[in-house]
Amino acid sequence: MHGARVAYVAAGSGESVLLLHSSASSSAQWRPLAEMLQAGWRVLAPDLHGYGQSGRRPGPASPGLADAAALAEAVLAESADRIHLVGHSYGGAVALRLAADRPERLLSLTLIEPVAFHLLRGAPQGAAEHALFREVAVLAADVTQAAAEGDSRRGMARFIDYWNGEGAWMRTRADVRSALALQAERVALDFRATMTDPLRLEALRRIPAPTLVLRGAASPRPTRRIAALVAQVLPDARLQTIDGAGHMLPLTHREPVNAAIAEHLSRNTAARQRPAAA
């Protein structure tokens with residue numbers, strides 16, 4: 001796509017479930033969920049641009065959420081059928097953009113703490129959301145500056161500790177820290193994309209798909225607030241908070257998260273949405 005290699009995992013058969021991963025990650029984060037679902041669903045999990053086995057999107061411009069949404073849609077090109085869309089963190093922001101651009105494609109939507117920071121920026125003047133946006137802006141500036149100065153470890157340490165708690169970086173294995181440090185520049189671009197996207201809260205009203213919004217009770221305030229805002233505005237959404245969980249809840253609290261996703265998918269199959277015969 002656009003001259004870049006796009007890798008994705010495909011398994012199972014049935015209605016398609018598209019899984020979009022977080023920043024500094026890959027489709028591998030979904031392996032346990034994919035294994036659970038593939039007996040009854042067609043599971044598709046791409047590596048987004050610059051992650052896993054997918055190449056970076058070529059061109060001088062910084063890739064935005066629309067570019068990542070286009071990658072996700074390209075993976076679906078083999079079929080025009082409606083899909084179930086699941087996204088976490090950066091993947092959640094991409095999923096939200098794809099849902100707004102192509103609402104007719106969705107059977108259901110699952111958003112796990114989407115980092116749609118642009119929704120905070122677009123809040124009314126004087127709103128508390130602006131303080132939360134500034135909190136994220138400081139984090140983004142730190143990561144971006146560290147990457148520009150060639151001190152990627154410092155940038156990723158700041159990033160990992162923000163999302164996982166102080167000291168998380170040093171508790172991470174040395175080989176994993178080395179791999180994460182290589183992604184600092186890509187993470188900085190993700191911040192830019194999620195902070196500048198033009199999509200606004202009001203536009204979410206055009207997404208009719210049944211939506212499950214998941215968040216962690218112990219997550220940073222900005223993403224907890226975004227989850228609440230999205231759930232309030234979407235026409236058919238329910239918000240579920242996972243006790244004791246933080247932002248990386250698909251990994252740290254895999255069992256309740258995967259169970260909630262599977263239940264939401266089953267509740268919103270095409271057969272259940274099809275009008276009953278007269």
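Values quoted throughout were computed directly from the atomic coordinates according to the rules given, and no laboratory measurement underlies them. Because the structure is a prediction, the values reported are computed rather than measured. FYI the Cβ positions are ideal-geometry reconstructions off the backbone, even for glycines, and counts take in every protein chain you see.
Could you identify the single residue in Ala188, Ala193 that is without any contact (Cβ under 8 Å) to a residue 60 or more places away in the chain and among the aliphatic types (A, V, I, L, M)?
Details: Ala193 fails: without any contact (Cβ under 8 Å) to a residue 60 or more places away in the chain.
Just one listed residue meets the conditions, Ala188.
I'm trying to understand the selection: among the residues of region 35-58, which are among the small types (Gly, Ala, Ser), in contact with a helix residue (DSSP H, G or I) (Cβ under 9 Å, 6 or more places away or on another chain) and under 30 Å from Ala157 (Cβ atoms)?
Ala45, Gly50, Gly52, Ser54
Pick from region 246-278 the residues that are over 21 Å from Met36 (Cα atoms) and assigned to a loop (DSSP other than H, G, I, E, B): which of them is farthest from the chain's Cα centre (by Cα)?
This residue is Ala278.
Tell me the residue from Asp161, Asp151 that is touching a helix residue (DSSP H, G or I) at 6+ places or on another chain (Cβ under 6 Å) and of a type in the set (Asp, Glu), please.
On the way: Asp151 fails: touching a helix residue (DSSP H, G or I) at 6+ places or on another chain (Cβ under 6 Å).
Matching residue, one of Asp161, Asp151: Asp161.
Mind checking whether some residue in region 95-104 is closer than 16 Å to Glu15 by Cβ and assigned to a strand (DSSP E or B)? Give the derivation first.
First pass over region 95-104, keeping only residues closer than 16 Å to Glu15 by Cβ: 104.
Cutting the leftovers down to assigned to a strand (DSSP E or B) gives us none.
The answer is no; no qualifying residue exists.
Just give me the residues in region 46-87 being surrounded by 19 or more Cβ atoms within 10 Å (Cβ to Cβ), under 14 Å from the mean Cα position of the chain (by Cα) and among the aliphatic types (A, V, I, L, M), in sequence order.
Listed by number, the residues that qualify are Leu48, Leu65, Ala68, Ala69, Leu71, Ala72, Leu85, Val86.
Within region 187-209, count every residue that is farther than 30 Å from Arg56 by Cβ and surrounded by 22 or more Cβ atoms within 10 Å (Cβ to Cβ). Don't jump to the end; show me each part of the working.
Going residue by residue through region 187-209, those that are farther than 30 Å from Arg56 by Cβ are 201-202, 205-206, 208-209.
When the remaining residues are screened for being surrounded by 22 or more Cβ atoms within 10 Å (Cβ to Cβ), the result is 209.
Adding up the residues that qualify gives 1.
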